[in-house]
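Encoded as structure tokens, the structure appears first; notes follow it.
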Protein chains: 2
Amino acid sequence: MNPIKVGLLGIGTVGSGTFNVLKRNQEEIRRRAGRGIEIAVVADLNTERARELTGGTVDVVSDANDVVTRPDIDIVVELIGGYGIARELVLKAIENGKHVVTANKALLAVHGNEIFEAARKKGVIVAFEAAVAGGIPIIKALREGLTANRIQWIAGIINGTTNFILSEMRDKGLDFDTVLKEAQQLGYAEADPTFDIEGIDAAHKVTLMSAIAFGMPVQFDRAHVEGITRLAAIDIKYAEELGYRIKLLGITRRREEGVELRVHPTLVPASRLIANVEGAMNAVLVQGDAVGATLYYGKGAGAEPTASAVIADLVDVTRLHTADPNHRVPHLAFQPDELSTVPVLPIDEVTSSYYLRMRVADQTGVLAEITRILAEGGISIDAMLQKESREGEPQTDIIILTHLTREKQINVAIASIEALQTVLSPVTRLRMEELN
Amino acid sequence: MNPIKVGLLGIGTVGSGTFNVLKRNQEEIRRRAGRGIEIAVVADLNTERARELTGGTVDVVSDANDVVTRPDIDIVVELIGGYGIARELVLKAIENGKHVVTANKALLAVHGNEIFEAARKKGVIVAFEAAVAGGIPIIKALREGLTANRIQWIAGIINGTTNFILSEMRDKGLDFDTVLKEAQQLGYAEADPTFDIEGIDAAHKVTLMSAIAFGMPVQFDRAHVEGITRLAAIDIKYAEELGYRIKLLGITRRREEGVELRVHPTLVPASRLIANVEGAMNAVLVQGDAVGATLYYGKGAGAEPTASAVIADLVDVTRLHTADPNHRVPHLAFQPDELSTVPVLPIDEVTSSYYLRMRVADQTGVLAEITRILAEGGISIDAMLQKESREGEPQTDIIILTHLTREKQINVAIASIEALQTVLSPVTRLRMEELN
């Protein structure tokens, strides 16, 4: 059988990784897929570099429109990124009856509903394993491996840059700005790291996982997003003393009233496997009602790990492209006419445990006032740490860990605590998850 | 659309778990699969208990032959276990054009080639996610998620009973026999635990993973199998001092000359995530050339975790049962006419690092003699631990960790060491894997 023909949009890091792995492992991939997979054309603005990377073996064009309309192309791989031109090209590819494989989480988290609907109408596949957690087959696990389960929650370390920064901050006791510079020098953070450090990239990814897990449309605009830029080294240290690590988690959880969808720095018990995922590695923890907790760990970025996911999708599409759409896995795991309208909860309605740090006057009765406010707010205390004040210093830090409470309740209590004359600084509030 | 009809062979732990999860989550599963999945008939020798468990809602028969030949049944779920009657029933089901879902690793590790060939001829699917690592979707990850990769090795904690025993031995410093009794009382070990503690169950599972990873027929009879029954508490303690944990690993690795396929207690660096998988949990670490290392973690046994895998297979079959066989994933990941004839290497040809413990006379020159033997055998030393001899005792323990060497070389060296007059006991030899 002739090889299936692929058009590649963008031959940067992931694009050249995909080209190289497909070439290196072509025999092994053909033995699995039952048919060769061949990149026939590459579109990139830098045609010279594209020719160099592909060694003159494939067509190179500068206009991606020439790829998505080319009659002999079966599958378009979109590796341009971003919401703009990528959206147009993906929709045009679909319109031309091409299947699409993409690593573009931003595009799908924002325009996924439109894109999946267009694909459904044309009877083509949009595959996106590479969009979440790089080479870890987490989309497949959620869409196919755990279909028996009512999924309860997902918590993932799904941004390698921030996990690298947090690991370094903890290991070396350094502050955020210092480590960010180091990460940029090492190539773990981009020159403009906003999407990573502000949690936006993680929010794109958890938005996709949430839709798949709970059978609802993608709703990135409803996600609550906090990054790690305001995280202080002292909180990492105190968390450690209390038996916790701080990780930037993408969390989505099913509650009776709706779905939580949030990204923020989170205290996690140090004994959990996911708390021990260090450096630029990714891991996703999924809780299903039948299977219990399962965890998926690996490299979440990089040329070949991401290419691994792109090619897995190419193999799936190669197997299923001539099949009846009913034989395929639905884009969002649930049949398109079976998506749920469950609302995403505003952050005020989220339930969490909390870490509170405050600077207080070192005098009698301070703690009594604080605990009275918490008790009156219906918030119970799980643990407390009062640091001895330094010699001659009339101030000290108090750290309180609470049991589960609703976010709006903790915010009311914090406002009252901050109004106390003996409380000398704003309260630092971090969310905490037991993940069990 | 009418529900797809399933016949269940055996309603023990996993069977009743499957029945219950299918019932509890039927809506969610139908929304995913696009079609209901209904258990129409259950075969079990204890028909009374089967009626009780199913609440009188399905047909109950005592003769499984009545299920595998029943015209309205689309899929047969085999949960009887063992090599005997299960093999006959699975082959008969296939002969009658039924798809088969099974959790039976023993059956597939031993008779898989025959069964997959019969299925291929009849154009039916034999799905077996539940056969390895319970609810962890590791078969799907290997067969579909990592198709881009030339897989290099797999190392798995794939038997919960032995991992529970090893975790307890380490935590409490107890010996094997004591912990085995405790595990039996807690229900973590069976009354006859032979298959688990002798490594046979793990060998069945790694045999299946090996075939899928490397595209070769199942070859259980070529696997090297050692259990944990001869493991001494002292070695767990010494390993700990050297920065290692001992786990029963199923290992399969591709080498130029062939494939390694082995189960044995293994020292693993304590810093590795897999070394921190405790209790009855399972985890599989896979090294692919593109993706690098990925790890899959979860419950490897139990009613509902295993049911989770059985039902995931049922959903897959429901989607693909009317599809052309070319649209399906091949049983052993590679197309049946593309399987490789790569040999499984005898254990003598395996390459590993080693942990050697020996009791020696506490006198000058002993260590010099031992290290001379190792050097002459071309074996280099990575680390050494000499325990101080107890007051008044003229003997002491020496522990040596070697670099990579071929097993037959280490065995020759051990024989020479044991021949020394100053070496007072047989050498305890354990294999060690860095897993990086």
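What follows is calculated from the coordinates using simple rules that are stated; it is not laboratory data. Keep in mind the model is a prediction, meaning the values are calculated, not measured. When we count neighbours, we look across all protein chains shown, and the Cβ atoms used for this are built from the backbone with ideal geometry, even at glycine.
Computed from label points 7 Å out along Cα-Cβ, the spacing between B:Thr57 and B:Arg429 is 5.7 nm. For the options B:Thr306, B:Thr207, B:Thr69, a Gaussian network treatment of chain B with springs between C-alpha atoms closer than 10 Å singles out B:Thr69 as fluctuating the most. Think of each Lys and Arg Cβ as +1 and each Asp and Glu Cβ as -1; about the Cα centre, that makes the dipole of region B:249-394 roughly 300 debye. On a 20 Å Cα-Cα criterion, which of the cross-link pairs A:Lys105/B:Lys299; B:Lys122/B:Lys205; A:Lys105/A:Lys299; B:Lys5/B:Lys140; A:Lys5/A:Lys98; A:Lys92/A:Lys122 come out too long? Checking Cα-Cα distances, A:Lys105/B:Lys299; B:Lys122/B:Lys205; B:Lys5/B:Lys140 exceed 20 Å.
Once you've got the Cα coordinates, tell me which of A:Lys247/B:Lys172; A:Lys237/A:Lys387; A:Lys172/A:Lys247; A:Lys172/A:Lys408 are over 23 Å apart.
Numbers: A:Lys247/B:Lys172 31 Å; A:Lys237/A:Lys387 12 Å; A:Lys172/A:Lys247 16 Å; A:Lys172/A:Lys408 35 Å.
Pairs exceeding 23 Å: A:Lys247/B:Lys172; A:Lys172/A:Lys408.
The helix-only estimate of mean residue ellipticity at 222 nm for the protein assembly as shown, built from DSSP H runs of length n ≥ 4 each weighted as -39500 (n - 2.57), is -10500 deg cm²/dmol after division by the residue total.
Farthest towards the positive end of the charge dipole of region B:103-205, among the residues B:Ala203, B:Asn149, B:His111, is the Cα of B:Asn149, using unit charges on the Cβ of Lys, Arg, Asp and Glu.
Determine the relative contact order of chain B: mean sequence separation of Cα pairs under 8 Å and six or more apart, normalised by residue count, in whole percent.
After rounding, I find 16 percent.
Label sites at A:Thr341 and B:Glu182, each approximated as a point 7 angstrom past Cα along Cα to Cβ, lie 5.5 nm apart.
Dipole size of region A:319-436 about its Cα centre, with +1 on Lys/Arg Cβ and -1 on Asp/Glu Cβ: approximately 180 debye, rounded to the nearest 20.
Placing unit charges on each Cβ (+1 for Lys and Arg, -1 for Asp and Glu) gives region A:338-390 a dipole about its Cα centre, and among A:Val366, A:Ile347, A:Ser389 the Cα reaching farthest toward its positive end belongs to A:Ser389.
Placing +1 on the Cβ of every Lys and Arg and -1 on the Cβ of every Asp and Glu, with nothing else charged, gives chain B a dipole about its Cα centre of roughly 1020 debye. Placing dummy labels 7 Å off each Cα toward the beta-carbon, the span from B:Ala383 to A:Asp66 is 5.8 nm.
What do you get for Rg/Rh over region A:1-154 if you use C-alpha atoms and the Kirkwood form of Rh? The partial results should precede the final answer.
Working: Rg = 15.8 Å, Rh = 16.2 Å.
Ratio value, two decimals: 0.97.
Placing a label point 7 Å from Cα along the Cα-to-Cβ direction at A:Gly243 gives distances to the equivalent points in the other copies of 2.8 nm, listed shortest first. Of the residues A:Thr57, A:Thr252, A:Thr13, the one that moves most in a GNM of chain A with alpha-carbon contacts below 10 Å is A:Thr57. Using R0 = 51 Å, the C-beta based FRET efficiency linking A:Asn436 and A:Leu45 works out to 0.55. Net charge in the neighbourhood of A:Gly97 (other residues with Cβ under 10 Å of its Cβ; Lys, Arg +1, Asp, Glu -1) is 0. Put in order of Cβ neighbour count within 10 Å, fewest first, the listed residues B:Leu424, A:Leu435, B:Leu314, A:Leu180 become B:Leu424, A:Leu435, A:Leu180, B:Leu314. Please work out the C-alpha center-to-center distance from region B:412-433 to region B:7-31 and express it in whole Å. Measuring centre to centre over Cα atoms gives 53 Å.
Working note: Debye formula, equal point scatterers on the alpha-carbon atoms of the protein assembly as shown, no solvent; log10 I(q)/I(0) at q = 0.06, 0.07, 0.09 Å⁻¹ is -0.44, -0.59, -0.97. Reported to the nearest whole Å, the Cα centre-to-centre distance from region A:217-271 to region A:98-167 is 20. Placing unit charges on the Cβ atoms of the charged side chains and taking the dipole of chain A about its Cα centre, the candidate lying farthest along the positive direction among A:Ile311, A:Val263, A:Ser416 is A:Ile311. Report, to the nearest 10°, how far helix B:176-186 tilts away from the longest principal axis of the Cα atoms in chain B, using its own Cα long axis and a range of 0 to 90°. Taking the Cα atoms of chain B, the angle to B:176-186 is about 30 degrees. 3J(HN,Hα) couplings calculated from phi for region A:21-34 with the Karplus curve 6.51 cos²θ - 1.76 cosθ + 1.60 (θ = phi - 60°) are, in sequence order, 5, 4, 6, 4, 9, 4, 5, 4, 5, 5, 5, 7, 6, x Hz; Gly and Pro show x. Summing +1 for each Lys or Arg and -1 for each Asp or Glu among the other residues whose beta-carbon sits under 15 angstrom from that of A:Asn149 gives +4.
Within the listed set B:Val218, B:Val67, B:Val291, the Gaussian network model of chain B (springs between alpha-carbon atoms below 10 Å) gives the highest mean-square fluctuation for B:Val291.
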